[in-house]
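Q: Supplied in structure tokens, the structure appears directly below.
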Amino acid sequence: MDHTTDYSSIKTRIKGYGRISASLSNQPLFRGFGGGKKHPAEDLDDSKVPEWLRVYLIEIDRKLDQLLGVQSVKDISKDFPIDIEVLEISGNGITFRTDSKLKPKCVMEVVLVLDKFPLRMVSTKGIAEAGQNADTWSLKFKNIKEHDLEAIIKFVFSEQRERIRTDKIS
């Protein structure tokens, strides 16, 4: 998805994984969560299942998500061998650092870990450009799914709100 909107950005330190891709238009390797689905526990709200059992099942589901999340990250690092540390993120793109050697204007597919528990990942493709500092790169999103863009925007707003709350307390 190509967009011209300027989105708010935030400095961060999140983990990401990348790989060099042949083109922006070929099928992405990462097939993440489609979003928009309701949690299965919501079906129990109007049922006759006792509250203690509902809470127990939700907790088991949460723990299984954690275990599957750890396994998913291990699997992703095999397909996406370039470790990246995201320094800044917005709906337009990321600024990142990596120890891997990249060529300017290379097409990259990246997977970003927005939250570890529960695991929330997004993916996109873009063109990597040398950053303003010698050890940084920027990636402008060129091919991003709508639900991944929404997740990034929600992440940025959530982080901004948290920093405002922290500043007010200090």
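The values are calculated or read from the model by the stated rules, or taken from the named source; none is laboratory data. Note that the coordinates shown come from a computational prediction; the quantities given were computed from them, not determined experimentally. Reconstructed Cβ throughout: ideal geometry from the backbone, glycine too, with neighbour counts over all protein chains shown. Just the protein is used for accessible areas: all its heavy atoms, side chains included, with ligands, DNA and RNA removed. Shrake-Rupley method; radii C 1.70, N 1.55, O 1.52, S 1.80 Å.
Q: Can you tell me which residues in the range 86-102 are over 12 Å from the mean Cα position of the chain (by Cα) and farther than 10 Å from TRP137 by Cα? Walk me through how you get there before you give the answer.
A: Within the range 86-102, the first condition is being over 12 Å from the mean Cα position of the chain (by Cα), and the residues that meet it are 87-88, 92, 95-102.
Passing the criteria: GLU88, ASN92, ASP99, SER100, LYS101.
Quick grid of which residues meet (1) modelled with pLDDT of 90 or more; (2) open to solvent by less than 70 Å² (accessible area, probe 1.4 Å):
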{"site": "ASP6", "(1), (2)": "no, no"}
{"site": "GLN27", "(1), (2)": "no, no"}
{"site": "ALA41", "(1), (2)": "no, yes"}
{"site": "LEU53", "(1), (2)": "no, yes"}
{"site": "LYS78", "(1), (2)": "no, no"}
{"site": "GLY93", "(1), (2)": "yes, yes"}
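Q: Here's something else I'd like to know. Being in contact with a strand residue (DSSP E or B) (Cβ under 8 Å, 6 or more places away or on another chain) and among the aliphatic types (A, V, I, L, M) is the filter here; which residues of the range 118-170 pass it?
A: Of everything in the range 118-170, those that are in contact with a strand residue (DSSP E or B) (Cβ under 8 Å, 6 or more places away or on another chain) and among the aliphatic types (A, V, I, L, M) turn out to be LEU119, MET121, VAL122, ILE127, ALA128, ALA130, LEU139, ILE144, LEU149, ALA151, ILE152, VAL156.
Q: Need a quick list: strands (runs of 3 or more DSSP E) entirely within the range 63-159 having at least 3 residues that are free of Cβ contacts under 8 Å to residues at least 60 places away in the same chain. Talk me through it step by step, then tell me what you get.
A: Numbers: elements: 82-90, 93-97, 106-115, 120-130, 136-144.
Per the criteria, 93-97, 120-130, 136-144.
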